[in-house]
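Notes for the one structure printed next.
The values are calculated or read from the model by the stated rules, or taken from the named source; none is laboratory data. Treat the numbers as computed from the prediction; the structure is a model and nothing was measured. As a convention, Cβ positions derive from the backbone with ideal geometry for all residues, glycine included, and neighbour counts pool all protein chains shown. The accessibility values were calculated without ligands, DNA or RNA, using every heavy atom of the protein model including side chains. Shrake-Rupley method; radii C 1.70, N 1.55, O 1.52, S 1.80 Å.
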Amino acid sequence: MQQNYPIFLASKSPRRREILSIMGLTFTVVSSDADEVTSETEPEKLVEELSLRKALGTRVTDPEAMVIGSDTVVSYAGRILGKPKDEEEAFSMLKMLSGNVSSVYTGVTLFFPYKDKPPVTFHTRTEVVFDTLTDAEILSYIKTGEPMDKAGAYGIQGTFGKHIIEIRGDYYNVMGLPMHDLYKKLKEENIIFI
């Protein structure tokens with residue numbers, strides 16, 4: 001696979017870096033000074049808005065650059081669950097998701113800072129089916145520290161995977177980037193070619 005543009009990832013997430021590496025892409029991680037406070041209540045619109053803000057909030061100087069911005073949330077029963085602010089909120093989130101089906105939304109924006117091309121923004125939705133968890137199982141998981149930097153207070157690729165019954169959709173979307181949809185968009189936009 002070859003790239004027509006140098007790719008910059010506007011995310012410090014090790015999971016997103018891992019996904020781009022698995023895809024065989026060469027990229028540079030950059031920080032974004034995007035404001036992530038929003039009043040948007042629809043998860044698909046929220047992740048698209050924040051992914052766009054993150055992409056636009058980078059300070060990339062390469063004139064050929066293409067920036068990837070991304071945001072992920074979990075949605076259940078009309079509530080949007082981002083990263084928990086503390087262990088109590090992590091417990092509350094996991095208790096709510098226990099025995100239920102939730103949706104993970106990831107928004108992705110492809111942004112060309114120095115090209116006369118509009119940003120390309122899309123989202124992907126994946127359903128995740130949780131087993132019923134005991135309070136002891138939830139507390140044991142919280143002790144690992146793993147839930148604290150993850151939307152919905154869990155990471156599917158970590159020790160929590162043993163509590164997931166089924167995934168309907170893109171597994172990688174739950175990790176933070178929808179690999180299949182991103183690959184298709186990168187090809188459509190002539191950013192990569194085989």
Rounded to the nearest 500 deg cm²/dmol, what is the calculated helix-only ellipticity per residue at 222 nm for the chain, with -39500 (n - 2.57) per DSSP H run of length n ≥ 4?
-> -8500 deg cm²/dmol
Mean projected area, convex hull of alpha-carbon positions in the chain, reported to one decimal in nm², is 10.6
So what's the range 1-99 giving for Cα Rg divided by 2.2 N^0.38 Å, two decimals?
-> 1.26
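Considering only Cα-Cα distances, which of the following residue pairs are longer than 21 Å: 45/115; 45/95; 85/143; 83/143; 85/162?
From 45/115; 45/95; 85/143; 83/143; 85/162, over 21 Å: 45/115; 45/95; 85/162.
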Return, ordered by residue number, the residues of the range 145-164 whose backbone nitrogen is under 13 Å from a label point located 7 Å along Cα→Cβ of residue 87.
-> 145-148
Shape category assigned to the range 140-194 from the gyration tensor of Cα positions, a/c cut at 1.5 | prolate
Rounded to a whole number, what % of the accessible area of the range 1-135 do carbon and sulfur atoms account for, probe 1.4 Å?
-> 46
What does the accessible area per residue of the range 1-145 come to in Å², with a 1.4 Å probe and no ligands, DNA or RNA counted?
-> 49
Any chance you could look up the accessible area of residue 33 with a 1.4 Å probe, heavy atoms only, rounded to 10 Å²?
-> 90
Say a paramagnetic label sat at a point 7 Å from the Cα of residue 59, along Cα to Cβ; which residues of the range 15-42 have their backbone N under 16 Å from it?
-> 29-35
